[in-house]
């Protein structure tokens, strides 16, 4: 009986993972708890200028250049200067699909300037599917903008 129950649990997990992978990032799709009301989103390029005491609460819009290949729990939005803003799903409440890379999205949440340890940077690099050589090049902690998000809307 325990074997059958374990088998059903495993099959359910596979079905759930496949269902998440199946939903494509198309314009209009919402992930998480995104609100259509409130202030209009700002460009990811304006985020630092809109921060007060190194913090921002609201919506930003940008193009996804990288996403977690393991769970879809984080992504990076590219800025004009080539740098990125890390967006992380708050408490792993939802996942973004792998095909969201290249899409313009609006995210809602709270951003702040934080230091990311070498260990965490290597973890993110592994999640992104980077090579062992690329991961080994990570030697220093870095300050970066990180936004804990509660919702995402695909714009284009």
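Within the stretch 41-63, does at least one residue satisfy the condition of being closer than 21 Å to residue 140 by Cα and surrounded by fewer than 19 Cβ atoms within 10 Å (Cβ to Cβ)? Looking through the stretch 41-63, none of the residues is closer than 21 Å to residue 140 by Cα and surrounded by fewer than 19 Cβ atoms within 10 Å (Cβ to Cβ). Among residues that are at pLDDT below 95, closer than 21 Å to residue 61 by Cα and either outside any loop (DSSP other than H, G, I, E, B) or touching a strand residue (DSSP E or B) at 6+ places or on another chain (Cβ under 6 Å) (or both), residue 156 is included. Output the residues belonging to the stretch 135-146 that are within 27 Å of residue 60 (Cβ to Cβ) and at pLDDT 95 or above. Result: 138, 140, 141, 146.
For the stretch 83-94, state whether one or more residues are surrounded by fewer than 14 Cβ atoms within 10 Å (Cβ to Cβ), in contact (Cβ under 8 Å) with a residue 60 or more places away in the chain and either within 13 Å of the chain's Cα centre (by Cα) or closer than 12 Å to residue 150 by Cα (or both). Looking for residues that are surrounded by fewer than 14 Cβ atoms within 10 Å (Cβ to Cβ), in contact (Cβ under 8 Å) with a residue 60 or more places away in the chain and either within 13 Å of the chain's Cα centre (by Cα) or closer than 12 Å to residue 150 by Cα (or both), one finds at least one in the stretch 83-94, hence yes.
Of the residues screened, residue 111 is one that is over 20 Å from residue 71 (Cβ atoms) and either under 13 Å from the mean Cα position of the chain (by Cα) or in contact (Cβ under 8 Å) with a residue 24 or more places away in the chain (or both). Residue count for the stretch 118-136 satisfying the condition of being surrounded by 12 or more Cβ atoms within 10 Å (Cβ to Cβ) and not in a helix (DSSP H, G or I): 3. Given the conditions (1) in contact with a helix residue (DSSP H, G or I) (Cβ under 8 Å, 6 or more places away or on another chain); (2) closer than 19 Å to residue 65 by Cα; (3) part of a strand (DSSP E or B), and given that residue 150 satisfies all but one, which numbered condition is not satisfied? So the condition that residue 150 fails would be (2).
Conditions (1) in a helix (DSSP H, G or I); (2) within 24 Å of residue 128 (Cβ to Cβ); (3) touching a helix residue (DSSP H, G or I) at 6+ places or on another chain (Cβ under 7 Å), marked per residue:
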residue: 36; (1), (2), (3): no, no, no
residue: 47; (1), (2), (3): yes, yes, no
residue: 58; (1), (2), (3): no, no, no
residue: 81; (1), (2), (3): no, yes, no
residue: 105; (1), (2), (3): no, yes, no
residue: 110; (1), (2), (3): no, yes, no
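The values are calculated or read from the model by the stated rules, or taken from the named source; none is laboratory data. Remember, predicted model here, so these are calculated numbers, not experimental data. A quick note on method: Cβ atoms are made from the backbone with ideal geometry, for glycine too, and the neighbour counts reach across all protein chains shown.
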